[in-house]
Structures are given as C-alpha cells and as structure tokens.
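Each value in this text was obtained by applying a stated rule to the coordinates, not by laboratory testing. Being a predicted model, the structure only gives us computed values, none of them experimental. Positions of Cβ are generated from backbone atoms using ideal geometry, with glycine treated the same way; all protein chains shown enter the neighbour counts.
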Amino acid sequence: MFLENYCTVINDQVSFTRQQGSDFAKKIADDFNPLHDINAKRFCVPGDLLFALILEKAGLHKEMSFTFSGMISDNIPLNIPEEIINNAKVTDDKGKEYMSIHVNGDVNKNKKAINSLTRAYVGFSGHTFPKILVALMEEHQVMINPARPMIMYEKMSIELDDLNFENISLNLTNTSLKIEGKRGTACLSFSLENEDKIIGHGKKFMLLSGLRPYCQDTIDAIVEDFHQKKSDFLTQ
C-alpha cells in the first residue's frame, strides 16, 4: 500500500522519522497541526498514521476502537500486531504502551476496502481543524492557547454493518464539546457510506488543552497562520 513511504520496518518493528510523520500529515491527511512539524519541540507522529498501519497489518474488523495512551516520537521501534483477537496493544521494547485496540466481529483483509476506508477517514480526520473545531469553540465561547495550540487525538471507534465493499465515503453527522476547566473533549460523529447507503458509523474524540475565553481576533490569527503554513508547504 501507499504507507511504505511513511514508515521504516526493521526486524518486524515499525518506526517513523520526523520527515515521514510530517509528510504523512501534510501530504495524505492535509493536517498542519504544529505537533507534526519536523522542527517541533514536542514532535508527535500522527495518530492516523498508526491507525492506517494497524488496518494494513491486522485487517478491518466489523467493530474497532483505538485509544491513544502516549505520544509517539520519532525513531521509536514499535511492535504493531499483525492479528488481533479481541484486544491488542502497540508497545515499544521497554513495554511502554502507545495505543490499545479492541475488535469484535468478522475481519476483512481486502486491500481495496482497507485503502478506501483509510483514505476516507484520514482525509476527514485531517480536516477537523480549523473548520469543525473552530465552529465548536465559537459555539461554546472557548478557544485553545494561541501560543501552544494543543489538540491531541484521544480515541476513535468504527462499527460496520457490512464489510463487503471496495469504496467507502465518510460524512460528519454530529459534533459536541464537553468542557472541564481548561480542558475540553470534542466528539465528532460520522457515518460510513457505500453507494449512498449507510453501512456503518464512528466517532473520533480529541482533547483540547489550555482553554480560555473565546476571542474572534485571536482565532482569526490562528486560522490565518494555519492557512499560511499550508500555502508555504504547497509552494515549496
């Protein structure tokens, strides 16, 4: 699949360089979160890249949930399961856990189906900022810290009624934001569709930290900076 350019495999372990993680975020997910910049002080491999690799290796189950438990930095060899029976974990050689996975139901290893779902989900996921999250922040009159705009992937789940597909699309169905002090949890619900028929649904949860009162001018500056970074990347 297309993921071979975005990871390094040595002795059955997978690792990511900063370049690979950043390229996946920007070229595949259209995601310009500063955490994925090559020179970021707290560089983090995109969670969607790990999600995509797990589907490629272990297949697509009717029910799947993924919970992130640690940020993945560059050049950390990871043990990624090639088969999942009920539960599995992504760990490093020291036993540190970065993701837990739960599955249920039949499994599909059709490459076209997995590739289609991966691209549909990653494309949706990468576009959560600014459009979806900015609208949520405005609705609740809160915003992230402009000096450290931290938006972290927490968990996601999908449930499919039918695994017999080769092309699938994803559509946002609902959004919510739960606020606790200076932290917030955004929930993005979506449907999975094949030939205009809904065959599944899912949810993505994201953590927003350093929340403060909403300021339109500040949000406009954050969004402008986002678009400028994207423009600079595309014109390199």
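Most tightly packed first, judged by the mean number of other beta-carbon atoms within 10 Å of their residues, the peptides 204-210, 5-11, 31-37 read 31-37, 204-210, 5-11. The distance linking segment 187-236 with segment 92-133 is 16 Å (Cα centroid to Cα centroid, whole angstrom).
For segment 54-141, what percent of Cα pairs sit more than 17 Å apart? For segment 54-141, the share of Cα pairs beyond 17 Å comes to 61 percent.
If each DSSP helix of 4+ residues adds -39,500 (n - 2.57) and the sum is divided by the residues in the chain, what number results at 222 nm, nearest 500 deg cm²/dmol? Intermediate values should be presented prior to the final figure.
On the way: 5 runs with 61 residues, N = 236.
My calculation for the chain gives -8000 deg cm²/dmol from helical runs alone.
Lys-Lys pairs in segment 26-116 that are eight or more residues apart or on separate chains and whose Cα atoms lie under 24 Å of each other come to 22. I want to check a number: in segment 145-236, how many lysine pairs have alpha carbons closer than 27 Å, given a sequence separation of 8 or more or different chains? Value for segment 145-236: 15. Working note: Cα gyration tensor of segment 2-234, eigenvalues times five, square-rooted, sorted largest first, giving semi-axes of 28, 22, 17 Å.
Ordered by packing density, taken as the mean number of other Cβ atoms within 10 Å over each peptide's residues, highest first, how do 229-236, 17-24 rank? Mind dumping the intermediate values first?
Working: 229-236: 10.1, 17-24: 19.5.
Taking the mean over residues of other Cβ atoms within 10 Å, the ranking is 17-24, 229-236.
In a reduced charge model with +1 at each Lys and Arg Cβ and -1 at each Asp and Glu Cβ, segment 2-234 shows a dipole moment near 580 debye about its Cα centre.
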